[in-house]
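*Asks:* Quick one: the structure is below, and I'll ask about it shortly.
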Amino acid sequence: MARPSGRVSLRKMRSFCQMTEIFQRFGKPLGGCFVVLVLLWLAGMVLVPGIFMINSSLRPHLPPPLRGGDQDVYLFDNFAYLINHSNHGQIFLKTVWSSALVTMATLLLCYPVAYWLAQVASKWQMRVMLVLMLVPYLMNEVLRGLAWYIILALAGPLNAGLMALGLLDEPVRWYGDGGVVAGMAYAYVLFMLFPICNAIATLEKDQISAARDLGSSAWRIHWRIVLPHAKVGVATGCVFVFMMAAGSYVAPALLGAPGSRWFTQIVYEWFFEIGNWNRGAAYGVALMAMCLSVVLGLLALFRVNLTSAIK
């Protein structure tokens, strides 16, 4: 029974030390302003909207004259509608699965690049690669989505290149779930790359050289040395990518086929097309709860605490 209380005390001590470090670095007046601004931002952008959404999700959709009356009571009908509506439930599960697929695709794509940048590339190679990766992100997400729309079009460069190589006899319509996953993996690749690269960069090259001299294979070096050291970066990147993929609206709207709807599109319809904000809030709360569950699950899987992931 003494260990948990010791851990809690250690966490409180670390939090207190971090708070005092802010005041020592910036001074009491400026440090106090930073703390107040952070608290105001958390309250105004996270806490208050979250409470408002939860409150709206538990109330029925009523015309203005009936709000606050006998019929305006707390109930779970909006969540029951999501559970009983089989199509919306399937889209919800498909969004979870597709977001996990986007996360896995970006992880497999970014890990070797991050290792090369952190341990192999020279300084000028790193600079050139970072510039090449950052230039497309000078445009906003809508323009990048439109670029992928052009690439995946029937008369787009992808079909033209595959037909020129003889891999296709006729153009293929790439829009749909595959196009959405590809567009999201491209849109969020840097959010996976940078955390992993920063984590691997702190690994001493002598450890890798020593393991190689002792006869370890490349696979064993990565599995036993690099990945355990970079687990915080991997967990952080997975959290970022999954949450942004699950909450994305632009990529599914531009690259999705009529039958490949995303859960965020349904939330948008409830809010802005149908005008049922209570049911839209319930759908939003369900999506938020799912993202929170996945985040906590990923942190538990990688054995990383939330403080380390934020750092």
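*Asks:* On the protein heavy atoms, probe 1.4 angstrom, tell me the percent of accessible surface of the chain carried by carbon and sulfur.
*Replies:* Whole-percent figure for carbon plus sulfur exposure: 69.
*Asks:* Same structure, new question: Mind jotting down the distance between the C-alpha centroids of the stretch 225-294 and the stretch 119-143, whole Å?
*Replies:* Using only Cα atoms, the two centres lie 26 Å from each other.
*Asks:* Rank-order 274-287, 110-123, 209-222 by packing density, defined as the average count of other C-beta atoms within 10 Å over each peptide's residues, highest first.
*Replies:* Highest to lowest by the protection proxy: 274-287, 110-123, 209-222.
*Asks:* Over the chain, with the other protein chains present, what is the accessible area per residue in square angstrom, probe 1.4 angstrom?
*Replies:* Per-residue value: 62 Å².
*Asks:* Also: Quickly rank 145-157, 71-83 as a protection proxy: mean count of other C-beta atoms within 10 Å, highest first. Walk me through the intermediate numbers first.
*Replies:* Numbers: 145-157: 15.8, 71-83: 12.9.
Output ranking for 145-157, 71-83: 145-157, 71-83.
*Asks:* Helix by helix, which DSSP H runs in the chain go 24 Å or more along their axis at the Cα atoms and have an average Kyte-Doolittle hydropathy of 0.0 or more?
*Replies:* Membrane-span-like by this rule: 86-115, 277-301.
*Asks:* Placing unit charges on C-beta atoms (Lys and Arg positive, Asp and Glu negative, everything else neutral), compute the dipole magnitude of the stretch 107-212 about its Cα centre in debye, rounded to 20.
*Replies:* 360 debye
*Asks:* Could you state the principal axis extents of the C-alpha atoms in the chain, from the largest down, to the nearest angstrom?
*Replies:* 76, 69, 41
*Asks:* Please list 234-241, 38-45, 101-108 highest first by mean number of surrounding beta-carbon atoms within 10 Å per residue.
*Replies:* Packing order, densest peptide first, comes out as 234-241, 101-108, 38-45.
*Asks:* Sticking with this one: Give the long-range amide H neighbours of A257: residues separated by 5 or more places, or on another chain, with amide H under 5 Å away, using H modelled in the peptide plane at 1.01 Å from N.
*Replies:* Residues meeting the criterion, in which the H sits 1.01 Å from N, are G176, D177.
*Asks:* If you don't mind, another one. Choose one of V128, F263, A230: the residue whose Cα lies farthest towards the positive end of the charge dipole of the chain (beta-carbon charges +1 Lys, Arg; -1 Asp, Glu; about the Cα centre).
*Replies:* Sorting the options by dipole projection puts first A230.
*Asks:* Oh, and also: Count of lysine pairs in the chain with Cα atoms under 29 Å apart, counting only pairs 8 or more residues apart in sequence or on different chains?
*Replies:* Close lysine pairs under the 29 Å cut-off: 11.
*Asks:* Here's a follow-up. So, counting K/R as plus one and D/E as minus one, what does the shell of residues with Cβ under 13 Å around L255 add up to?
*Replies:* Numbers: positive: R144, R173, R261; negative: E141, D177.
Result for the neighbourhood of L255: +1.
The values are calculated or read from the model by the stated rules, or taken from the named source; none is laboratory data. Just so we're clear, the structure is a prediction, and the values are computed from it rather than from any experiment. Heads up, the Cβs are rebuilt from the backbone with ideal geometry, glycines too, and the neighbour counts pull from every protein chain shown. Surface areas here come from the heavy atoms of the whole protein model, side chains and all, with no ligands, DNA or RNA. Shrake-Rupley method; radii C 1.70, N 1.55, O 1.52, S 1.80 Å.
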